[in-house]
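Written below as structure tokens is the structure these notes are about.
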Amino acid sequence: MRKADLRQSVVALALLVGCGGGDGGAGGGSQPLRPVPGCEAIDHTPCDVRDPACQTRLLALAGCLRGEDPGSPPPIAVMSEADFAALLTSEAAMRTPPPHQATWDWALSSLKVIQPGDLGTAAMIAQSVKFIWGLYRPDTKDIIVVDHGAVFDAASASPVLVHEMIHALQDREVDLAQFHMTFAKSDDSSLASRSMIEGEARMHETRYRASVLGLDPSQVDWMRRFESAVGLDEKYLLMQPSPLTATSMAFPYEWGARYVYYQWVQGGMGGVHGLFVAPPVTTRVLMASVDMNVAPEPEPERPILPAPPSGWTAADVGVLGAWGLLLAMTEGAPGVSASETESLALHWRADAIGIYEGSGATAFVWRIDVGDPTIAATAVSRLAGLSGITSRATGTWVVLARASDTQALDWAFAP
Amino acid sequence: MLAVGCGSDSAGESASAIWCDGLCEAVVRCGLRVPTCRTQCEQQNPGLAAQSASGAAAQAPCLEQLSCGAIGGDDAAWQSELTACWKQATLSVAVTARVRQFCPRHAMTVFDCGYTLSIDDCEHGYSMWSDATIDQVAACDAKPSCDEFQACEKQIFDSL
């Protein structure tokens, strides 16, 4: 006689009802849809996103959610995961590989924020194919919706298409390529400013998704929803083997949606449009905007990194921001609570990480200003668990350094 | 061989009796001699009481067709076939009045806490569970924080 494991049944339920988070499993079923307030005139019923009539209707809904005339739909293609992977692969083949990628891979994997090799093209494409449900391409002004197979249906794809339609409307308003060139001057500012683009799209998508789920949008506790989504994604990201590469699939969406939502509540769509003129350019601002928005701050001056000794070349410089500091401290001291690590990371004022290449060796130096000597000492203690890395507190600064061989790195800690 | 009374006439029977009758039908079909099959099944699976009779009835035809490998000790087959029976049953289970009343609030709580659960999926998923189980989950919906809500729900289902 077999004993049934009822927990198995619960897992099945969780999968079926979509309790695991993510974008799949939303079923409209036979429930009457309650439209998004203000957009009652538009039919909210999920539809076949391949159908031009469906596309036109969902664009009208996206326009209504943004409070504007939607114009005509952009070209839309639905493609399988395999075709999407082939497209990404062919696009990657046309691009010049980023310089010093291997050194960055080594430096970031030394900090344990990625796994070795995860900056490689194949790993990035595999991640994109798995997690991307839709894509708006500003260069070609078209939309791709990815058919993930069994979980792809009208109820799951329609909110995705609304999300991408929002991007098309944003592009018509602000020119997303120009927006990116203006505000994405480092990894940190890129992540923060991209959070306005994805955050607005996620906010409107979520407003529509509530209707698709059969919920009454007027009864949703929206602040709680957007705050909870941040909490869930933070937990998820901190569990990932490569949290930094996974970040791009989560941070801009949920941290961005929370920020844009607060702005929308206070200033309506006018306030949201303003975020595209003066967006936050540090992840610290987004992370700190828990109960209300922290106003965007100017991007801090990038700290000066030490000049390497003879035989070394300063190859490249980046900014990991408060989010990067949070990830590194989490890896360095996994036993410390996430909230404690986050409050420490919010002391971030500025940082720069430099990678260096010598004859057969590589090194990195990461200098972080946390604004307070005591905080700097605490941060160093949280980073001490990163094996092979030397970390020191000097005044308000935290300095981390490592070389791929056993060379002395005294130069890395020079003031 | 005819079934020993399961599935076709389940009025008034408990969920565990219906579920175990379905399983025992497969046991017989596979040529195993377990004279006290239903009694043993009910004793070894007290958690079946948390299921609804309609949910068990919806699973019964599928349970009757479990493979002899699953019945005979292949754990992987057992788990995957039970999961398949559960999923299939959620599509056909009758939605109860209690669940119709429960789902708008529960799906809203799930949504507020950052997940997605449609009213329709809620109704079909939770119709598999008894009213007593639904009442327990409904109490979780009233928890002030999402962490407490999730812990409460987890505790209910982990204890089954």
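Taking 45 Å as R0, compute the FRET efficiency from the Cβ-Cβ separation of A:Met181 and B:Val95 and round it to 0.05. Display every interim value, and only then the final one.
Values: r = 54 Å, r/R0 = 1.19.
Approximately 0.25, to the nearest 0.05.
Taken along its three principal axes, the alpha carbon spread of chain B comes to 52, 31, 24 Å, from the longest extent down to the shortest.
Seen from a random direction on average, the alpha-carbon convex hull of segment A:94-252 projects onto 10.9 square nanometres.
Taking a point 7 angstrom from the Cα of A:Ala150 along the C-beta vector, which residues in segment B:68-88 have backbone N less than 14 Å away? Taking a point 7 Å out along Cα→Cβ of A:Ala150, the residues of segment B:68-88 whose backbone N falls under 14 Å are B:80-88.
Short-range pairs are left out: with C-alpha atoms under 8 Å and at least six residues apart, the relative contact order of chain A is 15 percent. Counting charges near A:Trp255 (Lys, Arg +1; Asp, Glu -1) among other residues having Cβ under 13 Å from its Cβ returns a value of -4. Rounded to the nearest 20, the Cβ-based charge dipole of segment B:15-92 about its Cα centre (Lys and Arg +1, Asp and Glu -1) stands at 80 debye.
Between A:Gln263, A:Gln127, A:Gln219, the Gaussian network model of chain A with springs among Cα atoms under 10 angstrom shows the greatest mean-square fluctuation at A:Gln219. Here the simple spin-label model places points 7 Å from the Cα toward Cβ, and for B:Arg33 and A:Ser128 these points are separated by 6.5 nm. My understanding is that a pair violates if its Cα-Cα distance is over 29 Å; which of A:Lys112/A:Lys185; A:Lys141/B:Lys87; A:Lys235/B:Lys154; A:Lys112/A:Lys141; A:Lys141/A:Lys185; B:Lys87/B:Lys154 do that in this structure? The answer is A:Lys141/B:Lys87; A:Lys112/A:Lys141.
What FRET efficiency comes out for A:Asp405 versus A:Val317 if R0 is 30 angstrom and r is the Cβ-Cβ distance? Round to the nearest 0.05. Provide the component values of the computation, followed by the final result.
Working: r = 22 Å, r/R0 = 0.72.
After rounding to 0.05, the efficiency reads 0.90.
Of B:Phe102, A:Phe152, the sequence from fewest to most neighbouring Cβ atoms within 10 angstrom is A:Phe152, B:Phe102.
Based on the mean of other beta carbon atoms within 10 Å per residue, what is the order of B:72-80, A:268-276, most packed first? Show your work: numbers first, answer last.
On the way: B:72-80: 14.0, A:268-276: 16.2.
Answer by packing, highest mean first, reads A:268-276, B:72-80.
When chain A is treated as a GNM with alpha-carbon contacts under 10 Å, the residue of A:Ala192, A:Ala403, A:Ala295 showing the greatest mean-square fluctuation is A:Ala295. Listed by Cβ neighbour count within 10 Å, with the fewest neighbours leading, A:Arg194, A:Arg202, A:Arg95 appear as A:Arg95, A:Arg194, A:Arg202. Neighbours of A:Asp291, meaning other residues whose beta-carbon lies under 13 angstrom from its beta-carbon, give a summed charge of +1 when Lys and Arg score +1 and Asp and Glu score -1. Between A:Ala307 and B:Ala76, the modelled label-to-label distance comes to 6.3 nm, taking each label 7 Å out from Cα in the direction of the beta carbon. Here the spin labels are modelled as points 7 Å beyond Cα on the Cα-Cβ line, and at A:Glu91 and A:Asp216 they lie 4.3 nm apart. For the segment A:218-227, counting C-beta atoms of other chains within 10 Å of every residue's C-beta and taking the mean gives 4.
How much length would be gained if the chain were fully extended between A:Val290 and A:Ala361, taking 0.36 nm per residue of separation minus their Cα-Cα distance, in nm to one decimal? Don't jump to the answer; show the numbers that get you there.
Values: separation 71, 0.36 × 71 = 25.56 nm, distance 4.24 nm.
Contour length minus the Cα-Cα distance gives 21.3 nm.
Sorted into 5 angstrom bins from 0, the C-alpha pair distances of segment B:15-92 split as 3, 18, 26, 30, 18, 5, 0 percent.
Residue by residue, segment B:150-160 carries 3J(HN,Hα) couplings of 5, 5, 4, 5, 4, 4, 5, 7, 5, 7, 6 Hz when phi is fed to the Karplus relation 6.51 cos²θ - 1.76 cosθ + 1.60 (θ = phi - 60°); x denotes Gly or Pro.
Dividing the convex hull volume of the alpha carbon atoms of the protein assembly as shown by its residue count gives 174 Å³ per residue. What FRET efficiency do you get for A:Val265 and B:Ala49 if R0 is 45 Å and r is their Cβ-Cβ distance, rounded to the nearest 0.05? The pair A:Val265/B:Ala49 has a calculated efficiency of 0.45. Look at the stretch B:42-50: the mean tally of other chain Cβ atoms within 10 Å of its residues' Cβ atoms is 3.
The mean number of partner chain beta-carbon atoms within 10 angstrom of a residue's beta-carbon across peptide B:118-131 is 6.
A short reminder: the numbers here are calculations on the coordinates, not readings from a lab. Quick caveat, the model's predicted, so the values are computed rather than measured. Cβ atoms come from the backbone with ideal geometry, glycine included; neighbour counts cover every protein chain shown.
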